[in-house]
Number of protein chains: 2
Amino acid sequence: MPQVFFIPQNKEITVEPGTNLLKATDQAGLYVEGDCAGKGTCGKCKVKIVKGDGGNPTKAEQKLLSDKELSEGWVLSCQKRVKEDLTIEVPVQKAAYLRKTALEGGVEKLDVDPVVEKKALKLNRPSVKDQTADLERLLKKLDRNDLSVELRELARLPALLRNNNYSVTVAIIDNRIISIEPGDTCDQIYGIAFDIGTTTIMGSLLDLNNAEVLAVAAATNPQNIYGADVISRINYASEGEDELKQIQNKVIEAANEIISDLLKQTKVAKDRIYEIVAVGNTTMSHLFMGIDPTYLAPAPFIPAYSRALETEASELNLNINEAGRVIFLPNIAGYVGSDTVGVILATEMDLNSSQCAAIDIGTNGELVLAANGRMIACSTAAGPAFEGAQIKQGMRASAGAVEAVQYTGDGFKISTIDDSPAKGICGSGLIDAVAAMVDAGLINTTGKIINPEDNPDLVPEIFKSRLKQAEGGMEFILVPGNESESGEDIVLSQGDIRELQLAKGAIYAGLKILLKEADLKEEDLDKILLAGAFGNYVRKESALTIGLLPQLSPEKIVAVGNAAGDGSRMALVSKKIRDRAFQLPELVEHLELSTRQDFQEIFVDALKFNQ
Amino acid sequence: MPQVFFIPQNKEITVEPGTNLLKATDQAGLYVEGDCAGKGTCGKCKVKIVKGDGGNPTKAEQKLLSDKELSEGWVLSCQKRVKEDLTIEVPVQKAAYLRKTALEGGVEKLDVDPVVEKKALKLNRPSVKDQTADLERLLKKLDRNDLSVELRELARLPALLRNNNYSVTVAIIDNRIISIEPGDTCDQIYGIAFDIGTTTIMGSLLDLNNAEVLAVAAATNPQNIYGADVISRINYASEGEDELKQIQNKVIEAANEIISDLLKQTKVAKDRIYEIVAVGNTTMSHLFMGIDPTYLAPAPFIPAYSRALETEASELNLNINEAGRVIFLPNIAGYVGSDTVGVILATEMDLNSSQCAAIDIGTNGELVLAANGRMIACSTAAGPAFEGAQIKQGMRASAGAVEAVQYTGDGFKISTIDDSPAKGICGSGLIDAVAAMVDAGLINTTGKIINPEDNPDLVPEIFKSRLKQAEGGMEFILVPGNESESGEDIVLSQGDIRELQLAKGAIYAGLKILLKEADLKEEDLDKILLAGAFGNYVRKESALTIGLLPQLSPEKIVAVGNAAGDGSRMALVSKKIRDRAFQLPELVEHLELSTRQDFQEIFVDALKFNQ
């Protein structure tokens, strides 16, 4: 069986022939980045084949790697299968350390200034001439008389000193010694960044000495048994203290599973994890910290708190160092959470003087506009259309989902994930398909599918047979039954288009109102940043065609990846960045769209398709 | 059955005829002070009979109350039995508020500046125009953006605000909100002061708004099953983490019983107790806080810590407000604990410019000398002789114990507790008896009982028949068999006198070395303060005669009562005083007697009796 040797980590594993190289990397306990779950669209899982043959470049590799990279041996690990012995160079990941600054377009070196501080100490032995108590002896050596100490650690200190020749290492957060360890452990300072999504929880384990991402893990948020959306979960938690505790326990258990996975991948000891920094929407924040979210649901949508909450890991039963700290970054309003704070941190909108907007699209859409020294945020009920939900033949982005549609002038070019026979339509496919229909003149600007019987001149001949009258209005056959997996047509209905229209209209209307509030025109925007998975998948041109975004030149529209998660990693490794996060609720103005008299009018206008 | 009506508390109870008035007071849930457990010797349980007849004054009352007091109706409640309806005025106790300053001899008003702060707030209702989060709304009203908040309290805040018309009270310690309560509860701020003795645990519940002592309760320290002395307990705790936890649980359980007793007496709710301040010797401190005491036992006697330790009540499972604070005052050295810190606080030795020594005598004796801007402390192994232990016919101070002996020139006047037939000798009786024997010329300065057969001229005729040769040397018949309870002679043996000599020699030698260290002579001392129960019971003249103390005029010797416990109460009600306590380990020099080359010589010299 083929062997794969990884450098510079010097790990060797044996795999079944044909094993996917990305899976092999994972099996070796190594981490390569990736946003597209191995679909070959994000281009992030680059590794270099130093020895051995990886086969010819796939289409995805040809698209996402430069000729120079391909000639040097770079491949996308998700695209390769191991057929013979390979030596693979895995680039050390410094996602939080060396990262693209979305606004500048450059690569910036992040200051690593973790909140956790470690010092190794060698104390003098006590004697009758020097009866200084153990703790005071230690603090004197540290020259820090201002420190307090965890009782648990103090309880063990006398034996620890005497069993280790008076050599110990202390871990300090703020003015508190949270851990005292035998010998010199200064090289072991770890932390975990969490992105607590309504649907998915992501965790990354970072080395706080150098901000390297050592491992990532994800899990479905098991609170989904109480409902897929935040309102259902708020309603459940509101039933009583037991229910709140129950729903909190769910997310804590999932976080602990992720922690255990991260520890297993890296062989790091749980006692050496000193901090957790988490982001999530305001409801997720309340439920993670066990705070009553009841009054988030009804108007006027009041959260229990905005500021960052901090507590000991043991209080939340999180399985890191018992005295480790957990910090949930601050939220801005009931529906603008610390995930948005993470987006601002990662994109540095708060530091940059350009006029830009960031849009994070999920079930809700959060928007932030930075201009003229102000930051204004709002949330819109985008609806789940972008995730393929409430769409007749919508599905999640997995094998067989129509993910790209292009109007070629004489027909549609359709791609599915994994090139499998089409099963349904995912979010990016939906936007592409509707944009292609607009391009082909099959939909008018009000969103109505044109009936070729009423307007035979408007509809190209080739599409006439694909438009048919159904119960709820016209339908367009995107994939005919003879090409689909099930043998049935895959269609886009008039209702589907209305769903998408409502979603994109809500986002665009939100942006328009933010611009109005800041007294800006659309063309004044230097950049629009698209955060989250959505931003990576959607084709800018299609987003422009359907009028999700204002009509700016496509280079002004930048996908910034999982900026919320990046923000939590950055706040984990840097005190300076964390302090910036703590200030944001004061600095970001929240605009409640429901109070705007002009919302309806702007919303109706924003429903229109382009052209 | 007679009824007793108490003013100003307006409580009425019905009692069995003949009920002791002190017990009736207790039964009514009222607290009167007392140091002698109802033996009529401390004079502290004064109450005033406003209506009704309490009977003639007893001997104790005649001795301890002035003629003016007697004519006004003041009685000692321990001396009275209720035979008819009475109206009793119980003075409101302000032990910590109005207290004798031992050094000045006056009465001082204590500044009440508790660490716990309460504020009642009425918040504005939120609206879509004012979506400020609940916590931020509250902090804004408080104008304290620096505060953090207990998660438990934040968790309940949204419902609490809405169920109470947005009127709440916050309790703050330092920069943390530890409690948020419905309505205005500013008048309810309570704390408990503990004196954790090796033998006895004492607790007092205080109103932190005015420093009134509302109730006191005591219990035997149940750690005694692991040994009566600190060394046995250290050895047990050193066996492992489980044993340490076990012995900690014992004292925590006892403290919780006292807390529950105090709450029952006062009807105060446990959630309204926000702080516990405790003092005790260094071993008791370690065991209460659950810190490994192992290295206190062997030389060089190193404690795990000196500073004050602070934690949440819930971490120690103490049944007050879950987020309430527990502070164990700092210790000075392995055998000079926070009880000595309490003595310094209560006597204000650290603030006063006079040259004085404080002596706290128990199983160990702790001494502090304050002079010329220095404070020096040491501990001596006084041995348990002063508690009647290791004395042939020694006993604790209870009914039948010989408690006072006086040489009248033609015999000994002997008193027993309760005037019961003599059963044995307690500590104060022992010192009195030996002093009387010295006065009568029955013991020479080296402590030897004179044998009348060898020196017939030195021994008064009346005592000759009471001196007899026994196995271990001479014995003196203090109470002949026909006067004792058992019919047997109650004797003082040569061995008993040696025990006392060793104990008093250790104390006196400690004091001599402190004086030598400070370059002072005995006559330079302005005051000697005797702390603890011992100081209340011992007759100064006898202490001088046996050479326990230097030969100063008796008015320089002042009993200051349970100064350690007073110190913990003072630190509970006053931030200023607590801060003084925190500084003391830095300010008090500790002198380890075992390192002194001159100790043996001074000790041998200190063994001598006076005259």
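Of note:
- Qualifying residue in region B:284-298 (condition: in contact with a strand residue (DSSP E or B) (Cβ under 7 Å, 6 or more places away or on another chain), more than 14 Å from chain A (Cβ to nearest Cβ), in contact (Cβ under 8 Å) with a residue 24 or more places away in the chain and at negative phi): yes
- Answer residue from region A:585-596, given it is aliphatic (A, V, I, L, M) and out of contact with any Asp or Glu (no Cβ under 7 Å at 6 or more places or on another chain) and is farthest from A:V112 (Cα to Cα) among those: A:L593
- Members of region B:404-431 found to be under 30 Å from B:F603 (Cα atoms) and either crowded, with 23+ Cβ neighbours inside 10 Å or among the basic types (K, R) (or both), listed by number: B:V405, B:G424, B:I425, B:C426, B:G427, B:S428, B:G429, B:L430, B:I431
- Here the strands (runs of 3 or more DSSP E) wholly within region B:498-611 that include at least 3 residues being surrounded by 22 or more Cβ atoms within 10 Å (Cβ to Cβ) and touching a strand residue (DSSP E or B) at 6+ places or on another chain (Cβ under 6 Å) are B:527-531.
- Residue that is surrounded by 23 or more Cβ atoms within 10 Å (Cβ to Cβ) and at pLDDT below 95, where the choices are A:I177, A:I201: A:I201
- Top-ranked residue of region B:544-572 - restricted to ones that are closer than 25 Å to B:G342 by Cβ and of a type in the set (G, A, S), ranked as modelled with the lowest pLDDT: B:G561
- Test for A:L367: is it at negative phi, more than 14 Å from chain B (Cβ to nearest Cβ) and at pLDDT 95 or above: yes
- Unique residue being under 21 Å from the mean Cα position of the chain (by Cα) and buried (at least 22 other Cβ atoms within 10 Å of the Cβ) when the list is A:E253, A:E212, A:E275, A:E257: A:E275
- Residue count, region B:136-177 (criterion: basic (K, R) and more than 24 Å from A:Q583 (Cβ to Cβ)): 3
Conditions tested, residue by residue: (1) away from every other protein chain (no Cβ under 14 Å); (2) in contact (Cβ under 8 Å) with a residue 12 or more places away in the chain; (3) in contact with an Asp or Glu (Cβ under 9 Å, 6 or more places away or on another chain); (4) over 17 Å from A:L500 (Cα atoms).
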| site | (1), (2), (3), (4) |
| --- | --- |
| A:L525 | yes, yes, no, yes |
| A:A531 | yes, yes, yes, yes |
| A:K575 | yes, yes, yes, yes |
| A:F582 | no, yes, no, yes |
| A:D598 | yes, yes, no, yes |
| A:F609 | yes, yes, no, no |
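- Single unsatisfied condition, A:I258 versus (1) under 21 Å from B:P158 (Cβ atoms); (2) β-branched (V, I, T); (3) in a helix (DSSP H, G or I): (1)
- Verdict on B:F476 being among the aromatic types (F, W, Y), touching a helix residue (DSSP H, G or I) at 6+ places or on another chain (Cβ under 7 Å), crowded, with 18+ Cβ neighbours inside 10 Å and without any contact (Cβ under 8 Å) to a residue 60 or more places away in the chain: yes
- Condition met for B:A219 (at pLDDT below 95 and surrounded by 24 or more Cβ atoms within 10 Å (Cβ to Cβ)): no
- Scanning region A:305-342 for residues that are under 28 Å from A:R272 (Cα atoms), assigned to a helix (DSSP H, G or I) and more than 7 Å from chain B (Cβ to nearest Cβ) yields A:A313, A:S314, A:L316, A:S338, A:D339, A:V341, A:G342.
- Residue match in region A:136-147 (condition: at the interface with another protein chain (Cβ under 9 Å from one of its Cβ atoms), touching a Lys or Arg at 6+ places or on another chain (Cβ under 9 Å) and assigned to a strand (DSSP E or B)): no
- Some residue of region A:282-304 being within 14 Å of A:I173 (Cβ to Cβ), outside any loop (DSSP other than H, G, I, E, B) and within 21 Å of the chain's Cα centre (by Cα): no
- Selection from region A:165-192 of residues that are farther than 13 Å from A:V115 by Cβ, in contact (Cβ under 8 Å) with a residue 40 or more places away in the chain and of a type in the set (A, V, I, L, M, F, W, C): A:V168, A:V170, A:I180, A:C186, A:I192
The values are calculated or read from the model by the stated rules, or taken from the named source; none is laboratory data. Values in this document were obtained by computation on a predicted structure and should not be read as measured data. Quick reminder, even Gly has a Cβ in these numbers, built from the backbone with ideal geometry, and neighbours come from all protein chains shown.
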